[in-house]
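Worksheet: one structure, shown below.
The values are calculated or read from the model by the stated rules, or taken from the named source; none is laboratory data. For clarity, every value in this text was computed on a predicted model and none was experimentally measured. Counting neighbours? That spans all protein chains shown, and the Cβs are built from the backbone with ideal geometry, glycine included. Keep in mind that these areas ignore ligands, DNA and RNA; they rest on the heavy atoms of the full protein, side chains included. Shrake-Rupley method; radii C 1.70, N 1.55, O 1.52, S 1.80 Å.
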Amino acid sequence: MVTLTEVTKVFDGKTRLTVLQGINLEIGDGEMAAIMGPSGSGKSTLLNLMGGLDLPTSGSVLVDGRDLSKENEEGRSLFRRSHVSYVFQAFHLMPTLTALQNVALPLHLAKVARGEIDRRVGRVLADVGLSDRAGHLPDELSGGERQRVAIARAIVTDPRLLLADEPTGNLDSARGDEILALLKMIHNGRRTTIVMVTHDQMAAAACERVIRLRDGRIEGDERR
Ligand SMILES: Nc1ncnc2c1ncn2[C@@H]1O[C@H](COP(=O)(O)OP(=O)(O)OP(=O)(O)O)[C@@H](O)[C@H]1O
Ligand SMILES: [Mg+2]
């Protein structure tokens, strides 16, 4: 699903910072993998390259057979819309839209027909257990509920690849466990490939594979 070959990432600011140093990594179709490592080790940078949000300085990033390192911004953005979804620690919902409208947004952008949108949004809101909160604004939802809306929005397009950057980072452990169970259910039910950055041992334990980064290098890669 994702193949990184000799990927480096250098940020050229006031000081030159090499954040990823020759990463070789393959994420198989339908895998659920965790990326762990100290703060600043390059986890989010790596995830952003997998999602085509950013370009490597050198090396190639193949996602579902497409080399994103050779695509321009527009090509990557179109590819993302149809293949990749993101879940963030801070939810990133649109504050003026209801839960239902937030979930429907990617389908509107993809110009899906109205009836089909209603059907799919209704189904994923039920999947995440929020049918009875559909009309709530993000402000009117708990943290765990907001993250469930964000997950519903991420899966409503049926992406091949779901990238999650510390999805349980803003939640207490009970709420975090619910989110993990939900990701696991999505993984099992839809065979969605999931790559999740996490600091949480519980979250990593939910994954079949744990990749450890340190100083921009892979220092461990364990399957169970
Ligand atoms: N756009 C940028 N410009 C310059 N430096 C950056 C940029 N983005 C990230 N960095 C630097 O790259 C390093 C890795 O950042 P990254 O966000 O990937 O770390 P991380 O492993 O996700 O850390 P955390 O666990 O704290 O989220 C950090 O030292 C950071 O300061
Ligand atoms: Mg990060």
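Odds and ends about this structure:
- Computed Rg/Rh of segment 2-223, alpha carbon atoms with Kirkwood Rh: 0.97
- Cα gyration tensor category, rounded, prolate or oblate, for segment 1-70 with a/c compared to 1.5: oblate
- Computed label-point distance, nm, for sites Met94 and Val10 using a 7 Å Cα→Cβ extension: 4.0
- Estimated FRET transfer efficiency when R0 is 22 angstrom, pair Ser142-Arg191 (beta carbons, to 0.05): 0.15
- DSSP-defined beta bridges in segment 164-224 - what % are antiparallel, rounded to 5: 75
- Share antiparallel - DSSP beta bridges, the chain, percent rounded to 5: 55
- Per-residue accessible area (protein heavy atoms, 1.4 Å probe) orders Asp64, Asp172, Asp215 as Asp215, Asp172, Asp64, starting from the largest.
- Accessible area (Å², per residue) of the chain, counting only protein heavy atoms and a probe of 1.4 Å: 47
- With every protein chain in place, the chain: carbon and sulfur % of accessible area (1.4 Å): 49
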